[in-house]
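The values are calculated or read from the model by the stated rules, or taken from the named source; none is laboratory data. Owing to the predicted nature of the structure, the values given are computational and were not obtained by experimental measurement. In this analysis, Cβ positions are derived from the backbone assuming ideal geometry, glycine residues included, and neighbour counts consider all displayed protein chains.
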Amino acid sequence: MAENKTLALESRIVQIGVGGDERTGAISYPIHPSATYRHPGVGETTGFDYTRSGNPTRQVLEEGLALLEGGCRGLAFSSGMAALTTLFLHFSSGDHLVVSEDLYGGTYRVLDQIFAKLGLTVTYIDTTSTGAVEAAVREKTRALLIETPGNPLLGVADLKALVALCRSRQLLCIVDNTFLTPVLQRPLDLGADVVIHSATKYLGGHNDLCAGALIARDPELGERLYFLQNSTGAILPPQDCWLLIRSLKTLTLRMERHCRNALQVALWLKDQPRVTSVYYPGLKDHPGHELSKNQARDFGGMLSFRVESPQLARDVLKRLRLISFAESLGGVESLMTLPAVQTHGDIPPEDRERLGICESLLRMSVGIENVEDIIADLEQALA
Ligand SMILES: Cc1ncc(COP(=O)(O)O)c(C=O)c1O
């Protein structure tokens, strides 16, 4: 990889792995499927012993992930949930976490149904209110996990204020940066300690890969997370590491188009009589608009909207032609989901209702197709 630190981030992303294979000079870094490696002698190593502990293709990816987020250490996992699970294993029984309530349902499920049994306690809070977060911190609180913008309602948390709070109370500040990616939002630069990604989403970007990532700002924490990754073993296989390296190279371009299309779709949806509200931080009347402008380069490709009735939401999903009714997000293809039933189905109904995740709320991952085609599909589906 070109080491020149004066290169812009997008140039350095494109150069991930280039020339790293010195024997061949390959532009596309090779896949190393070997599970194990010859030792030169007793107590000697080439740097690679066994692929769970280290793999050349994964190393290139992990260095690329660290570069991308501006951290010291990147780690690649077999899914976003594997990354989160490994991170939660850092904590001990009796520890308490404060977590965004506008959160991916799978994160809630693993905390509520698995880590609760292991003694972790969690308070879910509206992290768009720094005061509410502060009030939720207890003696045993060890970390704050923020998803911003939130999922599915796109609330925006004040990262700088929350980092300052974490510093003053000695909490680990963790940010799920899946929705915006480091191209748009760089939590480690703002002082967060760890970034987590479902790399299945924008980092992978093509709906053809399941992967996760953790990136640590500080080497000591990076080493601890590596220990957990190696001990528990949910690593990303080399073939998928290669695919993710390939995908990262177009991340900057893809994000530009996602953002441009999403803003146009959000503006169009706002004028539709059967749409009762639109949630997109790029809209001037979104409560997190100004904050978002201050802490992110753009507003991302995710939006949610509410329609007249649950029946209309179901009809829209049935009538879609170009946009797919499917879970997930962040790929080049536009997708739409019904969060109350799909991504957030594991959140207790009373909490969903309180949060406004009802059955007339649709979430859309705006793809990179021609925006007029996307709008035409929405128009016929809403008619
Ligand atoms: C914000 C966020 N974090 C984490 C995850 C979990 O990632 P994965 O599905 O790759 O396990 C998801 C999945 O949708 C997500 O949307």
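A compact table of results
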{"quantity": "Failed item in (1) free of Cβ contacts under 8 Å to residues at least 60 places away in the same chain; (2) under 17 Å from the mean Cα position of the chain (by Cα), with Leu248 passing the rest", "calculated": "(1)"}
{"quantity": "Lone qualifier among Gly64, Gly74, Gly54 - being under 18 Å from Gly212 (Cα atoms), part of a strand (DSSP E or B) and not aliphatic (A, V, I, L, M)", "calculated": "Gly74"}
{"quantity": "Options Gly345, Gly367, Gly331; residue that is touching a His at 6+ places or on another chain (Cβ under 7 Å) and of a type outside the set (Asp, Glu)", "calculated": "Gly331"}
{"quantity": "Residue tally, condition modelled with pLDDT of 95 or more, among the small types (Gly, Ala, Ser) and farther than 24 Å from Ala211 by Cβ, over the range 314-362", "calculated": "1"}
{"quantity": "Single residue of the range 239-278 satisfying the filter (touching a Lys or Arg at 6+ places or on another chain (Cβ under 8 Å) and buried (at least 21 other Cβ atoms within 10 Å of the Cβ)) that is nearest to Leu153 (Cα to Cα)", "calculated": "Val278"}
{"quantity": "Single residue of the range 77-97 satisfying the filter (in a loop (DSSP other than H, G, I, E, B) and away from the ligand (no atom under 16 Å from the Cβ)) that is farthest from Ile16 (Cα to Cα)", "calculated": "Gly94"}
{"quantity": "Hits in the range 52-72 - residues which are among the charged types (D, E, K, R) and either closer than 21 Å to Val18 by Cβ or surrounded by 24 or more Cβ atoms within 10 Å (Cβ to Cβ) (or both)", "calculated": "Arg58, Glu62, Glu63, Glu69"}
{"quantity": "Number of positions in the range 335-383 that are assigned to a strand (DSSP E or B), over 14 Å from Asp315 (Cα atoms) and in contact with a helix residue (DSSP H, G or I) (Cβ under 9 Å, 6 or more places away or on another chain)", "calculated": "2"}
{"quantity": "Residue check, Leu97 under 20 Å from Ser231 (Cβ atoms), touching a residue at least 40 places away in the same chain (Cβ under 8 Å) and buried (at least 18 other Cβ atoms within 10 Å of the Cβ)", "calculated": "no"}
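Conditions tested, residue by residue: (1) aromatic (Phe, Trp, Tyr); (2) touching a Lys or Arg at 6+ places or on another chain (Cβ under 8 Å).
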| site | (1), (2) |
| --- | --- |
| Tyr202 | yes, yes |
| Leu209 | no, no |
| Leu214 | no, no |
| Leu225 | no, yes |
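Every residue, every condition in (1) farther than 23 Å from Val110 by Cβ; (2) within 15 Å of the ligand (Cβ to nearest atom); (3) assigned to a loop (DSSP other than H, G, I, E, B), yes or no:
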site: Gly282; (1), (2), (3): yes, no, yes
site: Leu303; (1), (2), (3): yes, yes, no
site: Ala313; (1), (2), (3): yes, no, no
site: Arg321; (1), (2), (3): yes, no, yes
site: Glu333; (1), (2), (3): yes, no, yes
